[in-house]
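The values are calculated or read from the model by the stated rules, or taken from the named source; none is laboratory data. From a predicted model like this one, the values you see are computed outputs, not experimental measurements. Ideal geometry is used to build each Cβ from the backbone, glycine not excepted, and the neighbour counts take in all protein chains shown. Areas reflect the complete protein model, heavy atoms only, side chains present, ligands, DNA and RNA absent. Shrake-Rupley method; radii C 1.70, N 1.55, O 1.52, S 1.80 Å.
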Amino acid sequence: MRREFLSSEQQKKGIHFDPRTKLLLILIISVFVLGGAGGNAMYFLRPVLSLVPFAMLISVGRGFHAALYIIAYTVCYVAQLILLPILTGFTNFLVLILAGTFCRFLPGFIIAYFVVTTTTVSEFMAGMERMHMPSKITIPLSVVFRFAPTVLEEAASINDAMKMRGIRFGGKKSSKILEYRLIPMITCSVKIGEELSAAALTRGLGAPLKRTNICEIGFHFPDVIIFILCGVTVAWAIFSAFSI
C-alpha cells in the first residue's frame, strides 16, 4: 500500500479534496454513523453517509478497494434488514453484533484510510494552520500520522526477514516469534518515535513563526458538495431533535 502521507507531493490522481473537507467528513461519519447520533431520525441518512467513503475511493481511482468496501457493507446491511427479523436466540444475537458492528465501524475506518492515504503532511499542516489550530495539536498529530505508516513498513520488513529464516507461525521455529519478531518491532517503534519527534523539531514545526508550504489548498466544487451534504445532515439532526 502506498504511503502518500509520508510524501511532500500532492495527490494528483483523481479529484482533489481540501484536507479540511476530509477532516469534516471524518467528524460527520464518526458522529452520525459510528456514534449513532440522531437516533431513528437518521435511519435513512446513515446509508447515504456510508456511501460517501465508496464515492471518495472511486474519485481517486481506487476501484478495487471501493468494490471490497461496498460489497462488505451491503452484505452486512442486508443481513440486518432480512436476517434479523426471522432469526431468534443466539443466531439473532450473533448477526446483530457482527452486522451491526461492521455497519457502524466500516465507514469510519474506510474514510480514515482514504484521508491518510491521499493527504500529504504539507497539506495537513497547511489545513491546520488555516483553521488556526495551535501547534500543541498539530505537531503531535503530524508525528502520529507519520508514525503509523512507518511502523507498518518496518513490520513488513521484519516479517520478510524472519520468513527467510523460517521463523513463522506453524513453522519449526515458531517458538522464536516473540524473540525475533515482537522484540525488534517494539525496539523499532521506540526508535521511530524518537526520530520523528526530532524530525518535527528540525523542520521547525514548533517555531513561533508563520510557516510556508509548498502545496496549495483551497475549496473547490467537490468540497462544496461535501459541505452541502454535511450541512444537510446536521440540519436534519437538529430539526428532528427539536420536532420530538
Subset of the stretch 21-40 that is touching a residue at least 60 places away in the same chain (Cβ under 8 Å) and of a type in the set (S, T, N, Q) - its residue that is nearest to F105 (Cα to Cα): S30
Selected residue (only one of T138, T91 is over 11 Å from the mean Cα position of the chain (by Cα), of a type in the set (S, T, N, Q) and exposed (fewer than 13 other Cβ atoms within 10 Å of the Cβ)): T91
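Please go through the stretch 105-118 and give me each residue that is at pLDDT 85 or above, buried (at least 18 other Cβ atoms within 10 Å of the Cβ) and not aromatic (F, W, Y), ordered by number.
Correct list: L106, P107, G108, I110, I111, V115, T118.
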Residues that are without any contact (Cβ under 8 Å) to a residue 40 or more places away in the chain, buried (at least 16 other Cβ atoms within 10 Å of the Cβ) and closer than 16 Å to L51 by Cα, drawn from the stretch 66-88: A66, I70, Y73, C76, Y77
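Is it fair to say F102 is farther than 22 Å from T21 by Cβ, without any contact (Cβ under 8 Å) to a residue 60 or more places away in the chain and in contact with a Gly (Cβ under 7 Å, 6 or more places away or on another chain)?
Numbers: farther than 22 Å from T21 by Cβ: yes; without any contact (Cβ under 8 Å) to a residue 60 or more places away in the chain: yes; in contact with a Gly (Cβ under 7 Å, 6 or more places away or on another chain): no.
So F102 does not fit the description; no.
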Test for L196: is it surrounded by 13 or more Cβ atoms within 10 Å (Cβ to Cβ), modelled with pLDDT of 75 or more and closer than 30 Å to F64 by Cβ: no
Filter pass, G166 being in a loop (DSSP other than H, G, I, E, B) and either within 30 Å of L81 (Cβ to Cβ) or open to solvent by 10 Å² or more (accessible area, probe 1.4 Å) (or both): yes
